[in-house]
1. Checking Val131 against (1) modelled with pLDDT under 95; (2) surrounded by 18 or more Cβ atoms within 10 Å (Cβ to Cβ), which test does it fail?
2. Give the residue, chosen from Glu3, Glu39, Glu104, that is acidic (Asp, Glu), out of contact with any Lys or Arg (no Cβ under 7 Å at 6 or more places or on another chain) and under 30 Å from Ile163 (Cβ atoms).
3. Of (1) assigned by TED's automatic domain parsing to the domain that holds Asn70; (2) within 15 Å of the chain's Cα centre (by Cα), Ala151 satisfies all except one. Which?
4. Six or more apart or on different chains, Cβ atoms under 7 Å: show the pairs whose first residue is in region 123-137 and of a type in the set (Lys, Arg) and whose second is assigned to a loop (DSSP other than H, G, I, E, B).
5. Please count how many residues of region 173-195 are farther than 13 Å from Gly229 by Cα and in contact (Cβ under 8 Å) with a residue 12 or more places away in the chain.
6. Just name the residue that is farthest from the chain's Cα centre (by Cα) out of those in region 8-20 that are buried (at least 16 other Cβ atoms within 10 Å of the Cβ) and at pLDDT 85 or above.
7. Can you tell me which residue in region 21-32 is nearest to Cys118 (Cα to Cα), limited to those that are among the polar types (S, T, N, Q) and surrounded by 15 or more Cβ atoms within 10 Å (Cβ to Cβ)?
8. Write out, first by first residue and then by second, each pair whose Cβ atoms fall under 7 Å of each other, whose residues are 6+ apart or on separate chains, and whose first residue, in region 7-27, is under 28 Å from Ala85 (Cα atoms) while the second is acidic (Asp, Glu) and outside any strand (DSSP E or B).
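The values are calculated or read from the model by the stated rules, or taken from the named source; none is laboratory data. All values derive from a computational prediction rather than experimental measurement. In this analysis, Cβ positions are derived from the backbone assuming ideal geometry, glycine residues included, and neighbour counts consider all displayed protein chains.
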Amino acid sequence: MREVLNTQTLLANRVDGVLASFSKETQDFSHFQQLIDNEIPLVFYDRVLHHLHADSVMVDDYSGAFKAVNHLINQGCKRIAFYSAPQHLLLGKNRLEGYKAALEKNGIEYTKDLVYACDTFESAVKISRGVLKKIDRPDGVFAVNDLTAVAVMKTAKQLGISIPEELKVVGFENSRSASICEPELSSVDQFGYDLGKKATEILIKRINTDGFDYTPEKHTLKTELIVRGSS
């Protein structure tokens with residue numbers, strides 16, 4: 001895997017520290033443990049691990065998902081589909097739990113039939129062609145990222161489903177793609193700049209501090225729901 005090779009290259013070149021957001025396919029983290037064994041400071045951001053001796057900076061995925069789904073419910077949605085990230089990822093688990101909590105708060109029963117393992121544009125287009133043709137199709141979609149949400153919107157338009165009148169959609173990230181689609185996409189802003197800035201500040205502090213015997217810091221940044229025309 002390229003991630004493993006890149007990590008080994010960094011180790012061989014004796015870098016002072018590493019910022020990492022690991023691949024969603026990664027389930028063996030021994031290459032990161034090699035960095036730690038060689039006392040190279042490691043800071044995870046966005047996709048994080050809590051069982052290694054490494055600092056981490058993530059966003060409040062649970063709260064962000066809760067706000068997105070609660071907003072859809074307040075807009076009148078009763079059947080909300082969730083296009084989710086892999087559940088071995090902490091962000092995937094937390095966003096699913098936030099989705100469930102918002103449903104429960106509003107007295108809507110959770111059904112796993114409305115949760116789809118889907119976090120890419122291509123897979124969202126493929127899945128949505130079936131999901132949106134169902135008689136009991138969703139009237140709202142919360143997507144784990146913006147590109148997945150945009151794919152849902154594109155497919156809905158091709159099927160003659162109007163947004164937001166017949167289908168409301170919310171993404172997560174608040175990327176540039178959220179503001180260039182039509183209608184513009186409502187999305188949870190995870191403040192990527194602040195995420196990267198905080199992670200970098202921690203890494204620089206570790207590099208400038210003697211010794212490797214420190215307690216890793218765990219930081220969780222707040223999110224904000226940006227409401228636009230898709231919901």
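1. Unmet condition: (1).
2. Values: Glu3 fails: under 30 Å from Ile163 (Cβ atoms); Glu39 fails: under 30 Å from Ile163 (Cβ atoms).
None of the other options fit; the residue is Glu104.
3. Condition not satisfied by Ala151: (2).
4. Correct list of pairs: Lys133/Leu159.
5. First, pick out the residues of region 173-195 that are farther than 13 Å from Gly229 by Cα: 173-177, 188-195.
Those still in the list that are in contact (Cβ under 8 Å) with a residue 12 or more places away in the chain too: 173-175, 177, 188-192, 194-195.
Result for region 173-195: 11.
6. Here is the first cut: in region 8-20, the ones buried (at least 16 other Cβ atoms within 10 Å of the Cβ) are 10-11, 17-20.
After this cut, where a residue has to be at pLDDT 85 or above as well, the list is 17-20.
Numbers: Gly17: 25, Val18: 21, Leu19: 18, Ala20: 15 Å.
It comes out as Gly17.
7. Step one: filter region 21-32 for residues among the polar types (S, T, N, Q), giving 21, 23, 26-27, 30.
Applying the additional criterion that residues be surrounded by 15 or more Cβ atoms within 10 Å (Cβ to Cβ) yields 21, 26.
Working: Ser21: 19, Thr26: 17 Å.
The qualifying residue nearest to Cys118 (Cα to Cα) is Thr26.
8. Every condition considered, the pairs that remain are Ser21/Asp46; Phe22/Glu3; Ser23/Glu3; Thr26/Glu3.
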